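Notes for the one structure printed next.
What follows is calculated from the coordinates using simple rules that are stated; it is not laboratory data. In this text, all values refer to a predicted model and were calculated from it rather than measured experimentally. Methodologically, a virtual Cβ is constructed for each residue, glycine included, from the backbone with ideal geometry; neighbour enumeration extends over all protein chains shown.
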Amino acid sequence: MSNASLKEQLQALSVVSTPSTSGKQEVKPKKPNRPERNVSKQTKQKPVWLEHAQYGVELLKAYYPNCFKDIKDIQPLKIGIKQDLVKILSTRDDIVVSDKAVMVSSLSYYVNSASYHKNMVAGATRIDLDGNPAALVTAEEAKYSADCRKAKMQKRKPMPHTNKATETASS
């Protein structure tokens with residue numbers, strides 16, 4: 001179930017029917033008990049791709065708990081694990097096709113997370129889908145991962161805002 005449908009269900013439950021003066025029932029939304037502080041935070045929804053990616057990661061954790069773990073326990077994955085995942089998922093009839101597709105596409109979200117890059121250190125053990133050791137992270141792979149993490153962090157930093165009106169006035 002997606003968050004959107006859950007939100008819709010919660011909104012439907014919060015609607016209270018009250019009698020109106022005309023004899024017909026009028027539907028009024030229930031008022032919240034506490035005041036809304038940050039409206040922009042409450043109304044901002046996650047992008048659909050992010051919801052799908054997080055759903056896929058949760059599926060991966062559910063079906064392969066020895067491999068896909070919570071943020072604090074993430075380990076580097078075996079090189080070629082995507083091919084292994086596709087091969088195994090193609091033989092499983094107990095998983096819906098759309099869930100299989102989400103799981104495969106969410107793999108890139110998982111391995112591009114800051115936590116994953118943080119744990120990619122030289123000499124760390126890579127694991128396969130069953131959680132068994134598969135190889136070690138090389139120094140070159142660790143450096144590449146650290147560079148990716150730095151690039152992600154720099155993208156998150158806000159750019160200093162310059163006012164063009166003051167720049168032209170001072171020239």
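Which FRET efficiency value, to the nearest 0.05, do you get for N132 and K46 by plugging their Cβ-Cβ distance into 1/(1 + (r/R0)^6) with R0 = 45 Å?
Computed FRET efficiency for N132 and K46 comes out at 0.85.
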Just going by the charge dipole of segment 48-155, with Lys and Arg at +1 and Asp and Glu at -1 on Cβ, which of A62, M153, V97 is farthest out on the positive end?
M153
Which net charge results when you count Lys and Arg as +1 and Asp and Glu as -1 among the other residues whose beta-carbon is under 12 Å from that of S115?
+3
Filter the trypsin sites (Lys or Arg not before Pro) in segment 75-129 down to the DSSP loop ones having no more than 11 other Cβ atoms within 10 Å, then list what survives.
R92
Distance in nm between label sites at K72 and D147, each 7 Å beyond Cα in the beta-carbon direction?
3.3
Rounded, prolate or oblate: which fits segment 48-155, taking a ≥ b ≥ c as square roots of the Cα gyration tensor eigenvalues, rounded meaning a/c under 1.5, else prolate when a/b beats b/c?
oblate
Too long at a 27 Å Cα-Cα cut-off: which of K78/K118; K82/K118; K78/K157; K78/K100; K69/K152?
K78/K157
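Take every Cα pair under 8 Å in segment 48-155 that's 6+ residues apart, average their separations, divide by the length, and report that relative contact order as a whole percent.
Numbers: 127 pairs, mean separation 33.6, N = 108.
Relative contact order, segment 48-155: 31 percent.
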Estimated dipole of segment 48-155 in Debye, rounded to 20 [Cβ of Lys and Arg +1, of Asp and Glu -1, Cα centre]:
440
